[in-house]
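**Student:** Here you go, one structure.
Bear in mind these aren't lab numbers, they're just calculated from the coordinates by the rules spelled out. The structure displayed is predicted, hence computed values, not measured ones. Reconstructed Cβ throughout: ideal geometry from the backbone, glycine too, with neighbour counts over all protein chains shown.
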Amino acid sequence: MWDYTDKVKDHFLHPRNARVIEDANAVGDVGSIICGDALRLMLKIDPVTEVIEDASFQTYGCGSAIASSSALTEMLKGKTLKEAEKITTQEIVDYLGGLPPEKMHCSVMGREALDAAIANYHGQSYENSHDDGELVCHCFGVGINKIKKAVWENHLTTVEEVTNYTKAGGGCGSCKMRIEEIIDEVWVDLEKCGVPRPGHAPTPIPSITVSTSTTSSPAFSSIGTVTSAKGATAAVEAQIDEKTKSSPIYDDVVKILKEVSDGLTDGSKVELAAISGADVIVKLEGPASSGMMKDMTLGFLKQKLTDGTGRQINVATR
Amino acid sequence: MNTMDLGAGLGGIYLDNNATTQIDPKVVEAMLPYLNVYFGNASSQHGFGVPVEKAIERAREQVADFLGAEHPDEIIFTSCATESDNTALWSALWSQKGKTEIITTPVEHPAIMQTCDFLASHGATIKYLKVSGKGDIDLDEFESLLTPQTALASVMWANNETGNIYPVPELAEIAYKHGVMFHTDAVQAVSKIPVDLKNTKINMLSFSGHKIHAPKGIGVLYVRRGTRFIPFMKGGHQERGRRAGTENVPYIVGLGVACELAKKHLEDVNSRVRALRDKLQQGILSSIPECFVTGDESRRTDNTLNIAFKFVEGEAILLMLNEYGIAASSGSACSSDSLEPSHVMRAMNVPFSAAHGTIRFSLSRFTTEEDINKTLEVLPQIISTLRSMSPYWKEGKPQIQGLDHEFDADSKEVRA
């Protein structure tokens with residue numbers, strides 16, 4: 001039996017808002033009976049104030065899927081659409097007092113249903129991410145197709161890079177071997193297309209062909225913040241003090257942070273604030289700025305910067 | 001730790017006996033002297049070893065009698081049925097030069113399936129029999145797969161999820177006719193159906209103690225005299241050099257007693273327990289719409305009922321049952337580590353839409369009528385509560401207008 005928190009059990013046994021809103025004007029459907037979980041999120045949004053007046057759900061799935069849905073509807077009620085958009089999967093997890101690592105995808109499903117409902121409200125359709133094939137990373141609900149796409153388009157060669165781009169492998173890490181296999185599979189095809197595979201020696205990050213990341217697919221720029229991140233980097237550059245700019249590692253750090261930031265597809269952003277000796281101060285925005293994701297992001301940056309500059313770098317936020 | 005808290009509260013109803021069983025108090029009683037007093041090593045020449053050695057031989061006789069083996073020395077004690085299965089597969093390949101094929105089914109326990117996968121990646125050829133929608137196999141197809149290169153045919157005697165009983169004595173006969181060694185994983189069969197090995201052509205048989213009211217950590221591999229055999233565990237002369245490692249004496253003694261008790265209670269399982277299982281099945285089918293029994297109702301173990309509830313997910317059912325102190329198990333993806341439903345349901349082509357909602361109730365001789373009554377009392381409400389939350393359950397419900405998507409509850413799709 002999974003080790004659920006009391007809050008999860010409570011929301012499962014006494015689900016809030018498990019009903020149909022007949023005059024809902026935003027409906028988000030994700031998942032399918034084939035996958036074993038499906039969620040219909042129904043919202044009634046005031047078209048003038050864009051306040052979510054009512055939220056309800058119907059869920060087919062395990063205990064934590066039902067609990068996550070219930071929690072999400074409670075979180076949504078009374079919020080404006082703008083506030084709702086900012087809800088992260090981590091916040092759903094936190095609301096429930098945590099989920100077992102195997103069940104993190106339940107909160108991801110809730111977040112996807114919210115995206116779908118918002119898209120529906122704006123008269124758009126939303127392709128749910130359960131179409132992305134074999135689920136490789138259970139912690140973050142990342143499918144094989146998303147990973148293959150990231151490897152293919154960005155010529156990724158290491159698991160670390162895949163984590164950077166897709167989050168896959170960033171949780172418990174048990175899928176790292178599978179990700180390695182997927183990277184190999186994609187490179188077989190890439191090499192057939194005449195792309196030479198870099199040697200198996202650990203590849204320092206500057207060898208990622210920056211030019212390819214600027215030609216990211218529309219899918220990436222639509223979820224991610226490729227364009228805005230670039231603009232932001234430029235803006236930040238103007239504010240950075242002279243001491244930081246004169247740092248011998250300044251160019252490397254800026255480049256690495258930009259690559260990391262471009263690679264975040266969940267709306268997160270990483271920006272340089274200052275460099276003082278071997279201390280790099282960064283600003284984080286989006287899901288990466290709080291909770292478990294923050295720690296993971298900082299740890300990841302530390303490693304990237306240390307590898308990329310050849311110095312022992314400390315990373316902190318302001 | 002509160003040792004009285006079973007997780008489901010006191011007086012919990014345990015209907016998950018195909019996963020593991022409670023240890024019979026008589027078994028515990030028989031084991032205690034070998035934990036408290038007789039600590040000797042059976043291999044020792046001095047007095048401490050003698051009673052221990054005798055106890056092991058007594059247990060070996062009890063197990064041989066239970067299985068209907070001709071000779072007690074055909075019984076090898078192992079750590080679990082998984083070890084027995086591994087040993088059987090490896091031994092068959094190692095001991096028969098030039099033979100590289102294994103015939104098996106796609107509904108075996110992972111102890112067979114994953115070992116076969118490993119052996120396949122190291123050069124062995126694994127041939128899988130087809131199973132029907134009810135999980136049955138075809139004897140003619142089995143015979144057609146046997147070749148002079150076949151090292152072993154391994155078919156489980158009964159399936160853990162559906163309870164399906166496979167015609168193992170007949171299969172062994174066919175294999176014998178073709179000079180092919182035959183092994184069966186009988187974990188779910190022993191203690192539920194009569195087993196009389198001396199009147200079959202079965203070469204090897206695996207089972208484990210914890211499914212027959214003995215503790216975990218003890219298993220048996222039966223190896224018929226005259227069967228080519230190479231030990232899997234090397235490093236000692238124990239078990240006549242066929243399984244190295246100091247004997248797990250208390251557990252061996254416990255297993256011996258458990259076998260004796262299982263033989264004695266077989267009739268009870270085949271009559272009273274069967275009647276309870278049938279009552280549970282009838283009760284569920286008559287009170288809950290849109291559910292069906294998986295497997296072959298005419299040929300399954302008397303303690304097992306596997307039932308698929310459409311439109312609801314298995315783990316959610318288990319969690320709610322657990323709230324009432326009722327323990328069962330599910331073939332659903334979410335109740336396991338994998339995100340796909342069980343390989344047994346997939347092999348039987350049960351659509352994913354139903355496979356996710358399968359619940360297995362497995363009874364034992366300790367199951368009472370009261371247990372079944374209580375289960376029948378709460379289950380309909382659980383299913384209807386979960387269905388009322390499910391977007392697939394439309395009965396009597398208003399429909400939202402203007403949806404661009406409909407959930408397809410009858411999808412026959414299976415994912416690759």
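**Student:** Pop out the ³J(HN,Hα) list for the stretch A:43-50 in order, Karplus 6.51 cos²θ - 1.76 cosθ + 1.60 with θ = phi - 60°, rounded to Hz; leave Gly and Pro as x.
**Tutor:** 10, 10, 10, 5, x, 7, 8, 6
**Student:** While we're looking at this one, here's another question. Using only C-alpha positions, report the orientation-averaged shadow area of the convex hull of the stretch B:193-296, nm², one decimal.
**Tutor:** Computed as one quarter of the Cα hull surface, the answer is 9.6 nm².
**Student:** Okay, moving on. Can you give the local net charge around residue B:99? Use residues other than it whose beta-carbon is closer than 15 angstrom to its beta-carbon, Lys and Arg +1, Asp and Glu -1.
**Tutor:** Local charge sum for residue B:99: +2.
**Student:** Dividing the alpha-carbon radius of gyration of the protein assembly as shown by 2.2 N^0.38 Å (N being the number of residues), what value is obtained?
**Tutor:** Output field value: 1.11.
**Student:** With θ set to phi - 60°, apply the Karplus curve 6.51 cos²θ - 1.76 cosθ + 1.60 along the stretch B:147-158 and write out the HN-Hα couplings as whole Hz, x wherever there is a Gly or Pro.
**Tutor:** 9, x, 8, 6, 7, 7, 10, 10, 10, 5, 7, 9
**Student:** Please state the charge dipole magnitude for the stretch A:32-110, taken about the Cα centre, from unit charges on C-beta atoms (+1 on K and R, -1 on D and E), reported in debye and rounded to the nearest 20.
**Tutor:** 100 debye
**Student:** Only four residue types carry charge here, +1 at the Cβ of Lys and Arg and -1 at the Cβ of Asp and Glu. Report the dipole size of the stretch B:265-389 about the Cα centre in Debye, rounded to the nearest 20.
**Tutor:** Here the size comes out at about 220 debye.
**Student:** Using helices alone, I'd like the mean residue ellipticity at 222 nm for chain B: each DSSP H run of four-plus residues gives -39500 (n - 2.57), total over residue count, nearest 500.
**Tutor:** Taking each H run of at least 4 residues, the total per residue is -11500 deg cm²/dmol.
**Student:** Provide Rg and Dmax in Å for the stretch B:25-262, with only Cα atoms included in the calculation.
**Tutor:** Just the Cα atoms of the stretch B:25-262 yield Rg and Dmax of 17.8, 59 Å.
**Student:** Between residue A:80 and residues 5 or more places away or on another chain, which pairs have amide H atoms under 5 Å apart, with H built 1.01 Å from N, and which residues are they?
**Tutor:** For residue A:80, the qualifying residues are A:52.
**Student:** Only Cα pairs within less than 10 Å get springs; with that Gaussian network setup on chain B, which residue of B:235, B:47, B:256 has the largest fluctuation?
**Tutor:** B:47
**Student:** Could you derive backbone 3J(HN,Hα) for the stretch A:11-19 from the dihedral phi with the Karplus parameters 6.51, -1.76 and 1.60 (θ = phi - 60°), listing whole Hz in sequence and x where the residue is Gly or Pro?
**Tutor:** Once rounded to whole Hz, the list reads 5, 7, 6, 10, x, 8, 6, 8, 7.
**Student:** Let me ask another. For chain B, just run the numbers: alpha carbon Rg, then divide by 2.2 N^0.38 Å, N being how many residues it has.
**Tutor:** 1.05
**Student:** Check which residues have an amide H placed less than 5 Å from residue B:78's amide H, if you skip close sequence neighbours.
**Tutor:** The list, which skips near neighbours in sequence, is B:219, B:220, B:221.
**Student:** Now a separate question. Answer with one residue from A:48, A:272, A:21: the one whose Cα lies farthest towards the positive end of the charge dipole of the protein assembly as shown, charges on Cβ with Lys, Arg +1 and Asp, Glu -1.
**Tutor:** Of the candidates, A:272 comes out farthest on the positive side.
**Student:** Under a Cβ-only charge scheme (Lys and Arg +1, Asp and Glu -1), can you give me the dipole magnitude of chain B about the Cα centre, in debye to the nearest 20?
**Tutor:** Charge dipole, chain B, about its Cα centre: 1000 debye, nearest 20.
**Student:** Relative contact order of chain B: what whole-number percent is it, with Cα pairs under 8 angstrom and at least 6 residues apart?
**Tutor:** Rounded, it is 21 percent for chain B.
**Student:** Pairs to check: B:192/B:234; A:7/A:77; A:255/A:294; A:176/A:304; A:146/A:269. Give those whose C-alpha atoms are more than 23 Å from each other in this structure.
**Tutor:** Listed pairs above 23 Å: B:192/B:234.
**Student:** Let me ask you something else. Over chain B, with a Gaussian network built from C-alpha contacts below 10 Å, which listed residue (B:82, B:385, B:150) shows the highest mean-square fluctuation?
**Tutor:** Of B:82, B:385, B:150, the Gaussian network model singles out B:385 as fluctuating most.
**Student:** Please sort through the DSSP H helices of chain B and keep those with an alpha-carbon extent of at least 15 Å along the long axis and a Kyte-Doolittle average not below -1.0.
**Tutor:** Helices meeting the span and hydropathy rule in chain B are B:25-36, B:49-67, B:81-94, B:110-121, B:249-268, B:274-287, B:369-389.
**Student:** Would you mind listing how long the stretch A:6-121 runs along its three principal axes, going by Cα atoms, in whole Å with the largest first?
**Tutor:** Projected onto the principal axes, the Cα atoms of the stretch A:6-121 cover 40, 28, 22 Å.
**Student:** Find which of B:368, A:72, B:324 sits farthest along the positive direction of the dipole of the protein assembly as shown, computed with +1 on the beta-carbon of Lys and Arg, -1 on that of Asp and Glu, about the Cα centre.
**Tutor:** B:368
**Student:** Moving to a separate point now. Select from B:121, B:191, B:332 the residue whose mean-square fluctuation is largest in a Gaussian network model of chain B (Cα-Cα springs shorter than 10 Å).
**Tutor:** So, out of B:121, B:191, B:332, the one fluctuating most is B:121.
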